[in-house]
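Read through the structure below, which is laid out as structure tokens, and then see the notes.
Please treat every number below as a calculation from the coordinates, not as lab data. Nothing here was measured: the structure is a model prediction, and the numbers come from that model. Methodologically, a virtual Cβ is constructed for each residue, glycine included, from the backbone with ideal geometry; neighbour enumeration extends over all protein chains shown.
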Amino acid sequence: MGVFVFILFLLFLVSCGDRDKKVVIGVLISGEGRLTKLDGFKDGLKNLGIKNVEFLVYNGENSLKGIEEKAIEIVKDEDKFHIIVAGGSLEAYYLKKIKEDLKAPVVIMGGTAIKTWGFVDEKNRPIRGITGIDNLNTELMEKRVEIFKRFFPDIKKAVVFCTPRFEASKLATRLTIQAGEKHDLKVVPISVNDVRDLEYVISHMKEDGFGAIIITPCFYTENFLTSYILHYARFYQVPVLCLSPEQATKGCTIAYGSSNYDQGYQASYIAYRIIKGERVENMTFERVDKVKLFVNQSALRELGYTLDKNKLALIDQVVK
Amino acid sequence: MRQSIKKSIVIVIFFMVFAQFFFVFAYFQVLKDQLKTSWERDKTIILKILADRLSEEINLTQSKIRSLVARYRSLDIDTREILWRITGDMEHITACGYYDTKGRLIFQEARLPTLESIPKSIDRLNWEDEVLNVYSNANGESYLNLKVFDMNSNIPLGFIVCSLNIRDLLKEYTHAYGIQKATIRLLDSQGVPVLVLNQGSNKKQLSLKTNIKNANMSIELREPEDYVYKNAYDFLKLSLLLSFALCGGLFLIGFFTVRRIFKPLEDLKLSVINWAEKKNIEVKGYGEVYILARAFQNLLDSLEKEKRVYMNLFNNLGDALLLVENEKGIIEMVNSKFLDIRRVRN
């Protein structure tokens, strides 16, 4: 009889079960610059009611080697995770390079050129267990050039600093050149080896008729050069066109795109759906839903430009 | 008799098991009906709110577009920049186009690179705000094209068509009303789905539909039966689990009880059959059957004692006695005096 009662008690315990399971999320980011995406992602999940979450962050410290090493670590620990979150397309690429058939689904908190990286098929369906947010950084290059020309119609030649190591970066540069041709702006990609090279080019570019610098989605430029570019460009009074509002707050003259925080926040909804049991195959990449134009007023003023009412009407936020 | 008692016990147990399972399934059905009724009641309310909010949002968006145009126009801003501002100031509006009074597209502004959602021309040129159509692209996005007539000082200037990202809007609503698991379908006037949010599996689903005011569209909510009846299935699973455990326990208890009742009776039967050899009824243990066995043994002992007294008397009597079986006349017993008289000795 005692055994019978014990069995009943065990059955009761089994039926009660643990209903609010802890969600463990592995995060692979290329560097500190992408931590704001994670902030948005965390806030998003919190607002969606997912509170029992543990984040294990693997930071590649802005080097390709570092990202690869961290990707190996995350793959080794893959059994721990319900979801792996990648800071961008590059991180997702390394994860899949290390192990194609990861058990945990991968969510990109804002990735560029997802088709070029091979994350979707011809019909934009996720094919490698990866989904997330397409931040359209490559596709928006034309729009950026168009907006830039509205602000700086007199500038005819611009420089792109990029040493493309990946196909996506090449595509972004190519699209920028094409957009320039369409909007009467000659865009010339220049490869620099170090900061000294960079300063030399920026200090002499006006002599060669180049009036602006365009930042494109390019790992090397984004992670190493942007802060130097912004510094020298301000010193030598060259306007810079950037990708994200965060860069405008750091001194970039004009930036059009989606903020890292918004991308992370939007990605949280995808992660939420995965946690709730939806399959990655059924979730197409979402395009960013908030694209804003930021202008750094002091940088613009230093260049000697003033904003008339029609130009002001174009701006979503003026950074002072 | 013994067989019939066992059978009766088994029948009673089977009846109890059957009754238990019958009531479990009956209650499961009742629970399912209740869940369906409450699902229909709750979701009808939610769907009505959803349809009303959507209708309100459409009206609100149209009036906000008009007020933004008036505000920016008063600041002497060009119409093109006004369209750009609308796409920036209003959430979920991603693109806008401006049309002349003949419905021809003059220019358009969009935040995202793709502009296909804005039609090249419009043929509904009546001077009223309306919903034109739903446009869906390969990225799974759907836009509701809203037409707003543009009039300044009672002079018709043209039309503005803006694309409202209806998918994102519905996504927000479904989360706000806790129906993230539901499939939401927007149907045109013909009942053809123009937008499907959270396309669920092909499992059997429950659905409800309601019209959206002033939009010539309807909205449908579907949820998988599995999800709606989850509590009922959970109850059924748990009940069956407990029932099986309970029945198993009941069978075990029944088996041991029956065994405990019939084992001493079996022993008693064998002892009585073999009594002539052992002259003893052996029943181990305690309880009613043991007492009965003991009483039986006492009775037999007293009978044996009496038999010995009579045999003693019979053998030691001074008279010769001969015991003859009545019917056949067979001699059954003689005493020693009889043998002495007849000089019969071994």
Open item on the list: Please report the net charge: other residues with Cβ closer than 11 Å to the Cβ of residue A:89, K and R +1, D and E -1.
Closed with: -1
Open item on the list: Please compute the modelled spin-label separation between residue B:253 and residue B:152, points set 7 Å along Cα→Cβ, answer in nm with one decimal.
Closed with: 9.0 nm
Task: Point-to-point label distance, residue A:276-residue A:156, nm (Cα→Cβ direction, 7 Å offset) - done: 5.6 nm
Task: Whole-Hz ³J(HN,Hα) from phi, Karplus 6.51 cos²θ - 1.76 cosθ + 1.60, for region B:83-97, glycine and proline x - done: 4, 4, 4, 4, 5, x, 7, 9, 5, 6, 8, 10, 8, 9, x
Open item on the list: Restricting to DSSP loop positions (anything but H, G, I, E, B) with no more than 10 other Cβ atoms inside 10 Å of their own Cβ, which trypsin sites (Lys or Arg not before Pro) remain in region B:125-208?
Closed with: B:203, B:204
Open item on the list: I'm checking a number: the convex hull volume of the Cα atoms of chain A, normalised per residue, in Å³. What is it?
Closed with: 139 Å³
Task: region A:214-312: trypsin sites (Lys or Arg not before Pro) in DSSP loop, at most 14 other beta carbons within 10 Å - done: A:276, A:279
TODO: Would you grab the residues whose amide H sits under 5 Å from the one on residue A:254? Only those 5+ places off in sequence or on another chain, please, with H modelled 1.01 Å from N.
DONE: A:240, A:242, A:296
Task: Using θ = phi - 60° and Karplus 6.51 cos²θ - 1.76 cosθ + 1.60, couplings along region B:206-222 (whole Hz; Gly, Pro as x) - done: 9, 9, 9, 9, 8, 7, 9, 4, 6, 10, 6, 9, 10, 10, 10, 10, 10
Task: Selection from B:298, B:275, B:314 lying farthest towards where the dipole of region B:274-346 points positive, charges on Cβ - done: B:314
Task: Sequence of B:127, B:84 once ranked by neighbouring C-beta atoms within 10 Å, starting from the fewest - done: B:127, B:84
Open item on the list: Let me check I've understood the local charge: for residue B:148, count other residues with C-beta under 10 angstrom from its C-beta, Lys and Arg +1, Asp and Glu -1. What total comes out?
Closed with: -1
TODO: Using every pair of alpha-carbon atoms in the protein assembly as shown, split the distances into 20 Å bins beginning at 0 and state the percent of pairs per bin, rounded to integers.
DONE: 14, 34, 21, 10, 7, 7, 4, 2, 0
Open item on the list: For Cα pairs less than 8 Å apart in space and 6+ apart in sequence, what is the mean separation divided by the residue count of chain B, i.e. the relative contact order in percent?
Closed with: 13 percent
Open item on the list: Cα atoms only: what Rg and Dmax, in Å, come out for chain B?
Closed with: 49.1, 162
Open item on the list: Here is the link list: A:276/B:181; B:181/B:203; A:46/A:276; A:21/B:171; A:21/A:80. Which ones come out longer than 19 Å on Cα distance?
Closed with: A:21/B:171
- [ ] Only helical DSSP H runs with n ≥ 4 go in: add -39500 (n - 2.57) per run for chain A, normalise by residue count and round the 222 nm mean residue ellipticity to 500 deg cm²/dmol.
- [x] -12500 deg cm²/dmol
Open item on the list: Taking θ = phi - 60°, what integer Hz values does the Karplus form 6.51 cos²θ - 1.76 cosθ + 1.60 yield along region B:294-306, in sequence order, with x for Gly and Pro?
Closed with: 5, 5, 4, 5, 4, 4, 5, 4, 5, 4, 5, 5, 4
Task: Near-label residues of region B:263-285 by backbone N, under 12 Å of a point 7 Å along Cα→Cβ of residue B:312 - done: none
Task: Modelled FRET efficiency - R0 56 Å, residue A:190 with residue B:132, Cβ distances, 0.05 increments - done: 0.75
Open item on the list: Could you work out how much longer the chain between residue B:280 and residue B:192 gets when fully extended? Use 0.36 nm per residue separation minus the Cα distance between them, nm to one decimal.
Closed with: 22.4 nm
Task: Net charge of Cβ neighbours under 9 Å - reference residue B:267; Lys, Arg +1; Asp, Glu -1 - done: +1
Task: Nonlocal amide H pairs with residue B:136, under 5 Å, H built at 1.01 Å - done: B:143
